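The values are calculated or read from the model by the stated rules, or taken from the named source; none is laboratory data. Note that the structure is predicted; figures quoted are calculated from it, not measured. No Cβ is skipped: glycine too gets one built from the backbone with ideal geometry, and neighbour counts run over all protein chains shown.
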């Protein structure tokens with residue numbers, strides 16, 4: 001059992017998995033725990049998700065905490081094939097925080113909602129004494145109707161399925177890292193974007209297996225969760241994984257692995273191989289997904305429940321969930 005909570009428990013990696021299991025134990029023992037997907041599928045054909053946002057800095061190239069909150073909630077619903085119909089927001093604000101700055105974030109969130117047709121349906125505001133929080137923390141809860149003919153879940157994965165990413169990886173995490181370390185990387189900005197418009201056309205594909213928003217822990221963590229949760233082997237090809245020169249150079253300087261860098265506008269998708277070409281064509285029709293690519297496949301090989309990657313130099317290595325905290329407060 002965890003004795004003290006550390007920053008590594010918020011990394012999205014192995015320690016996050018551990019503490020989430022401990023926190024859910026009272027519910028799972030009673031048979032009322034959630035499934036561990038991006039959003040929950042509810043009776044009646046609905047889905048919902050809850051997500052908290054603590055990003056630092058609150059404004060970054062490509063977005064801010066208000067835009068990020070809406071995108072994060074929308075993308076969690078999109079990963080289960082659900083439309084972003086309604087949003088709830090909860091704000092915890094530090095006493096003395098700039099009201100003008102707060103209005104800027106709400107304007108950003110409202111603009112993103114309006115573009116999607118998402119309605120702000122509920123909310124809550126709390127103010128705490130100085131030092132109670134760092135500025136402002138925002139929690140979002142999103143609700144929508146499932147648009148898929150069958151549930152999307154990692155349990156659908158089958159040997160032979162292709163693994164696709166919708167765009168280049170790691171841009172959000174790299175952007176936050178550059179801001180934190182005062183590094184000027186020309187052309188680098190977060191991929192923070194709502195993916196529902198890009199994902200919606202995919203939902204009619206019978207061979208669509210599952211999707212996952214590659215946020216904390218990045219692509220590597222998502223694929224480890226898929227392999228472990230479904231008992232399959234996932235084989236990646238490093239050369240096929242789209243990676244911008246800016247992200248590559250920043251990771252080289254800081255010693256980070258791009259596989260574990262957070263994304264906020266990148267979806268991992270598993271699809272029956274017979275429908276891969278159609279899926280890629282649909283994704284690439286979106287201005288957000290021009291770099292969509294097949295990066296690997298599900299196999300029936302060994303070791304089951306694990307991810308391997310053929311490297312750029314022709315070798316092969318195992319990909320595991322990250323341990324420790326690379327960069328706290330990236331979302």
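I'd like to check something: does region 4-16 contain any residue that is over 22 Å from residue 221 (Cα atoms) and modelled with pLDDT of 85 or more?
Checked region 4-16: at least one residue is over 22 Å from residue 221 (Cα atoms) and modelled with pLDDT of 85 or more.
Which residues, counting only those in region 1-30, are in contact (Cβ under 8 Å) with a residue 12 or more places away in the chain and either on the phi > 0 side of the Ramachandran plot or in a loop (DSSP other than H, G, I, E, B) (or both)?
Correct list: 1, 2, 5, 6, 11, 12, 13.
In this structure, does residue 273 turn out to be closer than 30 Å to residue 112 by Cβ and over 21 Å from the mean Cα position of the chain (by Cα)?
no
Here is a list of conditions, (1) farther than 16 Å from residue 193 by Cβ; (2) surrounded by 13 or more Cβ atoms within 10 Å (Cβ to Cβ), and residue 78 meets all of them except one; can you say which number that is?
It fails just one condition, (1).
Do you know which residues across region 1-29 are over 19 Å from the mean Cα position of the chain (by Cα) and farther than 23 Å from residue 230 by Cα?
Selection gives 1, 2, 3, 4, 5, 6, 26.
Tell me, please, whether a residue that is surrounded by 19 or more Cβ atoms within 10 Å (Cβ to Cβ) and under 30 Å from residue 187 (Cα atoms) can be found in region 16-37.
no
Scan region 249-289 for residues that are in contact with a helix residue (DSSP H, G or I) (Cβ under 6 Å, 6 or more places away or on another chain) and either in a strand (DSSP E or B) or assigned by TED's automatic domain parsing to the domain that holds residue 81 (or both) and jot them down.
Answer for region 249-289, where residues must be in contact with a helix residue (DSSP H, G or I) (Cβ under 6 Å, 6 or more places away or on another chain) and either in a strand (DSSP E or B) or assigned by TED's automatic domain parsing to the domain that holds residue 81 (or both): 268, 271.
Which of the numbered conditions does residue 175 fail, given that it passes all the others? Conditions: (1) crowded, with 24+ Cβ neighbours inside 10 Å; (2) within 23 Å of residue 314 (Cβ to Cβ).
For residue 175, the exception is condition (2).
Quick check, is residue 114 free of Cβ contacts under 8 Å to residues at least 12 places away in the same chain and either touching a helix residue (DSSP H, G or I) at 6+ places or on another chain (Cβ under 8 Å) or more than 23 Å from residue 171 (Cα to Cα) (or both)?
yes
When you look at residue 103, is it within 30 Å of residue 186 (Cα to Cα), free of Cβ contacts under 8 Å to residues at least 40 places away in the same chain and surrounded by fewer than 19 Cβ atoms within 10 Å (Cβ to Cβ), yes or no?
So residue 103 fits the description; yes.
Against the definition (free of Cβ contacts under 8 Å to residues at least 60 places away in the same chain, assigned to a loop (DSSP other than H, G, I, E, B) and not assigned by TED's automatic domain parsing to the domain that holds residue 200), how does residue 33 come out, yes or no?
For residue 33, the condition - free of Cβ contacts under 8 Å to residues at least 60 places away in the same chain, assigned to a loop (DSSP other than H, G, I, E, B) and not assigned by TED's automatic domain parsing to the domain that holds residue 200 - is met.
Only one residue in 232, 164 is within 16 Å of the chain's Cα centre (by Cα) and more than 18 Å from residue 77 (Cβ to Cβ), so which one is that?
Only one candidate qualifies: 164.
Which one is surrounded by the most Cβ atoms within 10 Å (Cβ to Cβ) among residues in region 257-277 that are in contact with a strand residue (DSSP E or B) (Cβ under 9 Å, 6 or more places away or on another chain) and more than 30 Å from residue 324 (Cβ to Cβ)?
Filtering first and then ranking leaves 271.
Going by what's in this entry, would residue 160 be described as surrounded by fewer than 19 Cβ atoms within 10 Å (Cβ to Cβ), modelled with pLDDT of 95 or more and under 20 Å from residue 90 (Cα atoms)?
No; evaluated as a whole, the condition is false for this residue.
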